[in-house]
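Undergrad: Below is one structure. I have some questions about it.
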Amino acid sequence: MELKNTCNMCLPIKKVRPEAIIPKRATQGSAGMDLSACIEKPMVLEPGQRALIPTGIAAAIPQGAAGMIYARSSLGVRHGVALSNGVGVVDSDYRGEIQVGLCNFSSEPFTIQPGERIAQLVLHPVLMPEVCEVEELDDTLRGEGGFGSTGRL
């Protein structure tokens, strides 16, 4: 079954640096929009080094959603470069510049080029329940079984 895009949503993006690249999807079916490094000159990320890379853009994430920043698989698989915080979160009320924390987990230096695609932004719906403290939780078949309780560790 193919799901059709039934609404034409617009994600407002503002350049906060003139040389910024507006995010876009690489293909029609891409879930993520590529975020690019907004740097003036190449930047070397040494093995084990972390850096915060500006994108030069800000976004108005719709209320009820969050912008999740994920690694680009090619950087991780080919070069050992991934997000330093696992997954970045851009809240719907944040209007500052989106920056990407990268870490070089490889044993070789990696050079980030100006305008290089460094991460991807995916919008996800977010549930916003009220938190209520309770004395007991409902029972489930799994119960309190944690790591490895349903199979191999």
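The values are calculated or read from the model by the stated rules, or taken from the named source; none is laboratory data. This is a predicted model, so every value here is computed, not measured. Counting neighbours? That spans all protein chains shown, and the Cβs are built from the backbone with ideal geometry, glycine included. In case anyone asks, the SASA skips ligands and DNA or RNA and just uses the protein heavy atoms, side chains included. Shrake-Rupley method; radii C 1.70, N 1.55, O 1.52, S 1.80 Å.
Undergrad: Take the residues in the range 103-134 that are open to solvent by less than 60 Å² (accessible area, probe 1.4 Å) and of a type in the set (S, T, N, Q); name whichever of them is farthest from Pro12 (Cα to Cα).
TA: Per the stated criteria, the residue is Ser106.
Undergrad: Tell me yes or no: at least one residue of the range 27-35 is modelled with pLDDT of 95 or more, open to solvent by less than 100 Å² (accessible area, probe 1.4 Å), polar (S, T, N, Q) and within 18 Å of the chain's Cα centre (by Cα).
TA: No: the range 27-35 contains no residue that is modelled with pLDDT of 95 or more, open to solvent by less than 100 Å² (accessible area, probe 1.4 Å), polar (S, T, N, Q) and within 18 Å of the chain's Cα centre (by Cα).
Undergrad: Read through the list (1) hydrophobic (A, V, I, L, M, F, W, C); (2) modelled with pLDDT of 95 or more; (3) open to solvent by 10 Å² or more (accessible area, probe 1.4 Å), then give the number of the only condition that Ile98 fails.
TA: Exception for Ile98: condition (3).
Undergrad: Among the listed residues Gln28, Gln99, Gln63, which satisfies the condition of being within 11 Å of Ala119 (Cβ to Cβ) and not β-branched (Val, Ile, Thr)? Quick ask: steps written out before the conclusion?
TA: On the way: Gln28 fails: within 11 Å of Ala119 (Cβ to Cβ); Gln63 fails: within 11 Å of Ala119 (Cβ to Cβ).
The unique qualifying residue is Gln99.
Undergrad: Only one residue in Ala82, Ala71 is surrounded by 18 or more Cβ atoms within 10 Å (Cβ to Cβ), modelled with pLDDT under 95 and within 17 Å of Gln120 (Cβ to Cβ). Which one?
TA: Details: Ala82 fails: modelled with pLDDT under 95.
From the options Ala82, Ala71, the qualifying one is Ala71.
Undergrad: Is it true that Val89 is under 28 Å from the mean Cα position of the chain (by Cα), outside any loop (DSSP other than H, G, I, E, B) and without any contact (Cβ under 8 Å) to a residue 40 or more places away in the chain? Before the answer, list the steps.
TA: Details: under 28 Å from the mean Cα position of the chain (by Cα): yes; outside any loop (DSSP other than H, G, I, E, B): yes; without any contact (Cβ under 8 Å) to a residue 40 or more places away in the chain: yes.
Yes, satisfied.
Undergrad: Counting only residues that are without any contact (Cβ under 8 Å) to a residue 60 or more places away in the chain and part of a loop (DSSP other than H, G, I, E, B), which one in the range 36-54 is surrounded by the most Cβ atoms within 10 Å (Cβ to Cβ)?
TA: Checking each candidate, the answer is Gln49.
Undergrad: For the subset of the range 55-78 comprising residues that are touching a residue at least 60 places away in the same chain (Cβ under 8 Å) and more than 14 Å from the chain's Cα centre (by Cα), which member is nearest to Pro23 (Cα to Cα)?
TA: Looking at the filtered set, the residue picked out is Pro62.
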